[in-house]
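Report on the following structure.
The values are calculated or read from the model by the stated rules, or taken from the named source; none is laboratory data. Predicted, not measured: the structure shown is a model, and the values here were computed from it. Quick reminder, even Gly has a Cβ in these numbers, built from the backbone with ideal geometry, and neighbours come from all protein chains shown. Protein only, heavy atoms only, side chains kept; ligands, DNA and RNA dropped before computing areas. Shrake-Rupley method; radii C 1.70, N 1.55, O 1.52, S 1.80 Å.
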Amino acid sequence: MSKLSYNLIFSIIILVFLCLGLRSSAFTNLNTLSFEESLSPLFGDANLVRSPDDLSVRLLLDKYTGSGFISSNMYQHGFYSSMIKLPADYTAGVVVAFYTSNGDVFQKTHDELDIEFLGNIKGKPWRFQTNLYGNGSTPRGREERYRLWFDPSKEFHRYSILWTPHKIIFWVDDVPIREVIRSEAMGADYPAKPMALYATIWDASDWATSGGKYKANYKFAPFVAEFKSFSLDGCSVDPIQEVPVDCADSVEFLESQDYSAINSHQRAAMRRFRQRFMYYSYCYDTVRYPEPPPECVIVPAEKDRFRDTGRLKFGGTEARERRRNRRQQRPEIESDPDERKLL
């Protein structure tokens, strides 16, 4: 069968699955908010540009300053989501972050959940990382790093973080890329205090792109990240109020939503994403953690791909890793040229 014939059949199969409703979006019924309803400028006000309808915002980085915004409220558990389009062309050293934190309130015992895009050289795969901290556990970072299967500077994609008392899920569009199930052994390392949502763009030339090898080049400035379709759900609280707020109803609502449960199609997509695009995992970094942290689920097929440092071990470069993977993959998987179909 020719490659063209296969791709046509593959597309028809995907269309049939969609028509039969065998997979559905976890984000079809989100309550989206305007900037004024949910967010406030954080820094670099002149580089924060709101749309006339107040439904989107552009964050700019130039040689003078970056910019950022923060949610108007803090939430005791929540769902944080936005459609994001990243800066185009050469963006090495430029970090765009979408994350939750309470560091301004609990400076020594802060909690944090991160999605950070690590800059890019045009034509190369985009890289990003997720991370979590609980109760100031910064020496025990829980980083994972990945490549994206699309160019995030060409169009908007939805990035989401779910945080409940029992689990954390990071989403890219309809693909859950990481799930952390709370275990008693994690103790205070599991984020537990109210957090706000943040989004920022800033110069991280010293570490972001290839460990700082490639720096921000301001002849390409201003660097522009665009955000729209904001969704914030959770129990809004004052973190220092004396009388605790009962958030049971809010948690029940969060856990009843589609984005709180990973169905079989999404779980298969998560497995494929992690097999193809994850290139660092703290769970396999035995240099930092001789014993894996308690929330780690060691998957033998994943572990075999990583060195003791948690990085991919095949050949030392991702190009050689991709060639090795292609030789091992079935012909029908190999023939998907841009690997866009994870679901």
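With a cut-off of 9 Å between beta carbons, the residues surrounding ASN102 carry a summed charge of -2, where Lys and Arg count +1 and Asp and Glu -1. Extension gain for PHE314-THR109 works out to 70.0 nm (0.36 nm per residue, less the C-alpha to C-alpha distance). As a rough guide to protection, the peptides 125-131, 33-39 ranked by mean Cβ packing within 10 Å, highest first, stand as 125-131, 33-39. Please work out the FRET efficiency for the pair ASN217 and ALA46, using the Cβ-Cβ distance as r and a Förster radius of 22 Å; give the result to the nearest 0.05. Plugging the Cβ-Cβ distance into 1/(1 + (r/R0)^6) gives 0.55. Around LEU118, what is the net charge, scoring Lys/Arg as +1 and Asp/Glu as -1 over all other residues with Cβ under 9 Å from its Cβ? Neighbourhood net charge equals +1. Solvent-accessible area per residue in segment 66-112 equals 28 Å², computed with a 1.4 angstrom probe and all protein chains kept.
For a straight C-alpha distance cut-off of 27 angstrom, the lysines reachable from LYS313 (same-chain residues fewer than eight places away being disregarded) are LYS122, LYS124, LYS213, LYS215, LYS303, LYS341. Take each peptide in 25-31, 139-145, count the other Cβ atoms within 10 Å of every residue, and average; sorted highest first, the result is 139-145, 25-31. Please give the Cα centre distance for segment 152-194 versus segment 62-89, rounded to the nearest Å. Cα centroid of segment 152-194 versus Cα centroid of segment 62-89: 16 Å apart.
For TYR133, the shell of other residues with beta-carbons less than 9 Å away shows a net charge of -2, using +1 for Lys and Arg and -1 for Asp and Glu. Model label points for ILE298 and THR138, set 7 angstrom from Cα along the Cα-to-Cβ axis, are 3.0 nm apart. Based on protein heavy atoms only, segment 147-268 ends up with 44 Å² per residue of surface accessible to a 1.4 Å probe. Spin-label model, THR28 to LYS154: label points 7 Å out along the Cα-to-beta-carbon direction sit 2.6 nm apart.
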